[in-house]
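Engineer: A single structure is presented below for examination.
Just so it is clear, none of the values below were taken in a lab; they were calculated from the coordinates. Please read these numbers as outputs of a predicted model, since none were measured by experiment. When we count neighbours, we look across all protein chains shown, and the Cβ atoms used for this are built from the backbone with ideal geometry, even at glycine.
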Amino acid sequence: MTEPALDLVIAALEKIRQTNNHLPRASRAVLARLQTGTVQDGKARLQAARDGALVSNKTVLLRAIRERVRACTKCAHLACSRTQTVFGVGNPDADLMFIGEAPGVDEDKQGEPFVGRAGQLLTKILKAMNFAREDVYIANILKCRPDTPPGTFGNRVPTPMEMQTCRPYLVEQIEIIQPEVLVALGAVAVEGLLGMRVTMRELRGRWHAYNGIPLMITYHPAYLLRNQAPSEKRKVWEDMLQVLERLERPITERQRNYFL
Ligand code: URA
């Protein structure tokens, strides 16, 4: 098939996906594969050859979505206010994927999720689990920092409309990475992912599922920064112990006793 003809097929499949909830329709992963297929013989292959490395299929698929996110203007106000989009970071073959809310001011500056104070705490939690950031995958519901009025401080919670608009990118990331376990950090991440608004007290510490993938819901690290009580840290740690058990990772006695 010639490239213009393939482009037409991809555009038609995209349209069916966006407008039709009934089968048959192409999965996002198939669409991403088709899209990268169009550039594989050209740019992407050349880049891979330049890198002198074998790029995993998942990396190529994620790169294609990252490019679409980079150019996204679906939320015009966020496209105007962002420094850059914040796509996701980590191992495309990760067994474990963390989902946060949205980039904050630090993430908007650096283009990487969870690099500010809450992010540093997440990195510590990962370390306590015997993971490096490079071992897992970290992404947010929103890929742009929610805008705030000029001259104001702090971050804003994403609106339901912003989450609904951006969610398909995260859905594609999950479809490609296919982690064994997902962790949603905080109520906003849960709302963005599952579309339900419930209190964390009702949800955390138990297994849920997203598209058949086991989902652990726990507090956002920013909550732990606001509430430094050891009992709250222990709750998050107990949730992470459940994650380690589910992933069949070894757990030392010392790890079991953290924050007791
Ligand atoms: N909080 C989030 O939910 N995500 C980030 O990337 C940073 C802070």
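Engineer: Treat each spin label as a single point 7 Å out from the Cα along the C-beta direction, and report the Arg156 to Ser56 distance in nm.
Structural biologist: Between Arg156 and Ser56, the simple spin-label model gives 3.7 nm.
Engineer: Could you give the length gained by full extension between Arg234 and Lys109, i.e. 0.36 nm per residue of separation minus their alpha carbon distance, to one decimal place?
Structural biologist: Separation in residues times 0.36 nm, less the Cα-Cα distance, equals 41.8 nm.
Engineer: Right, something else. Starting from the Cα-Cα distance between Ala79 and Arg226, subtract it from 0.36 nm times their residue separation and give me the gain in nm to one decimal.
Structural biologist: 49.9 nm
Engineer: Here's a follow-up. Which value, in debye to the nearest 20, describes the size of the charge dipole of region 77-185 about its Cα centre when Lys and Arg Cβ atoms bear +1, Asp and Glu Cβ atoms bear -1, and nothing else is charged? Walk me through the numbers on the way to the answer.
Structural biologist: Values: 10 positive and 14 negative charges, 92 e Å.
Roughly 440 debye for region 77-185.
Engineer: Pull out a ≥ b ≥ c, the square roots of the eigenvalues of the alpha-carbon gyration tensor of region 97-169, then state rounded if a/c is under 1.5, prolate if not and a/b is larger than b/c, and oblate in the remaining case.
Structural biologist: In terms of gyration-tensor shape, oblate.
Engineer: Distance cut-off 24 Å, Cα to Cα: go down the list Lys109/Lys233; Lys109/Lys143; Lys124/Lys235 and report the pairs above it.
Structural biologist: Among Lys109/Lys233; Lys109/Lys143; Lys124/Lys235, the Cα-Cα distance tops 24 Å for Lys109/Lys233.
Engineer: Is the C-alpha gyration tensor of region 167-260 telling us rounded, prolate or oblate? Criteria: a/c under 1.5 is rounded; beyond that, a/b larger than b/c is prolate, otherwise oblate.
Structural biologist: Cα axes put region 167-260 in the oblate bin.
Engineer: Further question: Quick one: if you stick a label point 7 Å off each Cα along the C-beta vector at Leu241 and Arg197, how many nm between them?
Structural biologist: Inter-label distance under the simple model: 3.4 nm.
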